[in-house]
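Below is one structure, written out as structure tokens; comments come after it.
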Amino acid sequence: MLQHLLITDYTCLSGQTSTINLTFEVFGQPLHSAPVVLINHALTGNSNVAGTNGWWKTLVGPEKTIDTEKYTLLCFNIPGNGYQQFGSVENTTFTVHDVAKIFLLGLDQLGIHKLHSIIGGSIGGAIGWEMLAQNPKITERLIPIATADKTSDWLNAQCLIQNFLLDLPENALEKARMHAMLCYRTPESINQRFQNEKQDQEKLKSQEWLEHHGDALKNRFQKEAYRNMNHLLTSIQTNLELLKNTDAEIHLIAVDSDVFFPAIEIKNTYQKLKKEIKNISYNEIKSIHGHDAFLIEYEQLNQILNPILNYHEQQYHYNLQEQSTY
């Protein structure tokens, strides 16, 4: 069930002041009855993370890696994503810094001052980085997946193209999504899947697949909401110096074929932080599917996440440095 918090008179980095209706959902155990795992959703995701239609239901549920019988699962909607809201979505000037601060204000309103874990993929992981930088004591562990601590030139260029496409007079959202899908996957993934096969005499199956994803997003997402989320991708800029005083474990997870947030960027962050942070590890998903592998390679992700989340209960005697695959 979607719930609401009101954050009044919030002033974002740009100077704009607004009142924010922060929506969220809770799964598993009731609030304040179990350790809280905060899951930050990705670009076109939402707070519906578990259950029949949950976008991460393979990982989240009873006796699953993120176990709803052990934990309280909390997921905020990024302000401006338009989830379960009708009519137009106001164009926001929020940055990842702002969203992280808003999430921290939401946690404070809910009376949550220490999380078991913050987990997020893509932009959700970037928000997690920023939450820990702003409050190094907020969580026992941070697990950013397929994301980085800053926007690269390559990512900024892709966002620029997305904005050009969103400004088109016709089918703008569909065209932007089709381009984005080529960033989320790899040539090997698409070529291996479709092999130049045609759906009919005129159209390639790969073209039909792209058009399907464009139409699917149009049916569940508004153009201005997508523009808001795209803008957030350009604003990732976490000050890693602020993490020196954290006691949290940090577990970086990359995808070896990711062209959106390349593994080399995440490895470089690991190398930089391990000089200052004792409890840090690097893990890598092996996949031909690129960025979207964190939504595809569930067996590998389960193998990585399970000991990180559950080793105390299962007495795995987990050693962070030995677990590192770098």
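Derivation of every value follows stated rules applied to the coordinates shown; laboratory data play no part. Just so it is clear, the model here is predicted, and its values are computed rather than measured. Cβ coordinates were reconstructed from backbone atoms using ideal geometry, including for glycine residues, and neighbour counts include every protein chain displayed.
Starting from the Cα-Cα distance between THR17 and SER33, subtract it from 0.36 nm times their residue separation and give me the gain in nm to one decimal.
Contour length minus Cα-Cα distance gives 2.3 nm.
P(r) of the chain in 20 Å steps, Cα pairs, percent per bin?
32, 60, 8, 0
Just to check, using Stokes-Einstein with a Kirkwood Rh over alpha carbon pairs, what's the diffusion coefficient of the stretch 104-190 at 25 °C and 0.890 mPa s in µm²/s?
160
As a footprinting exposure proxy, order SER117, SER189 by other Cβ within 10 Å, with the fewest listed first.
With the sparsest Cβ surroundings first, the list reads SER189, SER117.
Let me know the Rg and Dmax you get for the stretch 153-232 when you use only its Cα atoms, in Å.
Calculated on Cα positions, Rg and Dmax stand at 13.5, 41 Å.
If you average the sequence gap of Cα pairs under 8 Å that are 6 or more apart and divide by the length of the stretch 1-139, what percent do you get for the contact order?
Result for the stretch 1-139 is 28 percent.
At a threshold of 8 angstrom on Cα-Cα distance, excluding pairs fewer than six apart, so keeping six or more, what relative contact order does the stretch 100-237 reach in percent? Please list the in-between numbers first.
On the way: 152 pairs, mean separation 32.5, N = 138.
The value is 24 percent.
Label 7 Å along Cα→Cβ of ASP108; the stretch 1-37 residues with amide nitrogen under 14 Å?
Output list for this probe position: 6-12.
By average Cβ neighbour count within 10 Å, what is the ranking of 177-184, 48-55 from highest down?
Details: 177-184: 19.6, 48-55: 16.2.
Packing order, densest peptide first, comes out as 177-184, 48-55.
Short version: ³J(HN,Hα) in whole Hz for each residue of the stretch 75-80, in order, from phi by Karplus 6.51 cos²θ - 1.76 cosθ + 1.60 (θ = phi - 60°), x for Gly and Pro, what are they?
9, 7, 8, 4, x, x
What does the charge count near ASN219 come to, summing +1 for each Lys or Arg and -1 for each Asp or Glu among other residues with Cβ under 13 Å from its Cβ?
+1
Considering only DSSP beta bridges whose two residues both sit in the chain, what percent are antiparallel, to the nearest 5?
The antiparallel fraction comes to roughly 40 percent.
What's the extension gain from THR52 to ASN268 if we count 0.36 nm per residue and subtract their Cα-Cα distance? Kindly include the intermediate steps, with their values, before the conclusion.
Working: separation 216, 0.36 × 216 = 77.76 nm, distance 3.80 nm.
The span from THR52 to ASN268 would gain 74.0 nm if fully extended.
In nm, give the distance between the simple-model label positions of ASN245 and GLU140, each being 7 Å from the Cα along the Cα-to-Cβ direction.
2.3
Sort 233-242, 100-109 by the packing proxy (mean of other Cβ within 10 Å over each peptide's residues), most packed first. All intermediate terms of the calculation are to be shown ahead of the outcome.
Details: 233-242: 17.2, 100-109: 18.9.
So the peptides 233-242, 100-109, ranked by packing, come out 100-109, 233-242.
Would you mind calculating the relative contact order of the chain from Cα pairs under 8 angstrom and at least 6 residues apart, reporting the percent as a whole number?
It comes to 18 percent, rounded to a whole number.
Computed over the Cα atoms of the stretch 1-160, what is the ratio Rg over Rh, Rh following Kirkwood?
Values: Rg = 15.2 Å, Rh = 16.1 Å.
Result for the stretch 1-160 is an Rg/Rh of 0.95.
Return the calculated 222 nm mean residue ellipticity for the chain, to the nearest 500 deg cm²/dmol, obtained by summing -39500 (n - 2.57) across DSSP H runs with n ≥ 4 and dividing by the residue count.
-11500 deg cm²/dmol
Once phi is turned into ³J(HN,Hα) by the Karplus curve 6.51 cos²θ - 1.76 cosθ + 1.60 with θ = phi - 60°, what whole-Hz value does each residue of the stretch 148-155 show in order, with x for glycine and proline?
In residue order, the calculated couplings are 9, 8, 8, 7, 7, 4, 4, 5 Hz.
Which order do peptides 68-77, 126-135, 270-279 fall in by mean Cβ count within 10 Å, highest first?
Ranking, from highest mean packing down: 126-135, 68-77, 270-279.
Where Lys and Arg each count +1 and Asp and Glu each count -1, what net charge lies around ILE308 among other residues with Cβ under 9 Å from its Cβ?
0
Over the alpha-carbon set of the stretch 165-290, work out the extent along each principal axis and list the three values in angstrom, largest first.
Principal-axis extents of the stretch 165-290 (Cα, largest first): 59, 34, 18 Å.
How many angstrom lie between the C-alpha centres of the stretch 133-190 and the stretch 197-213?
24
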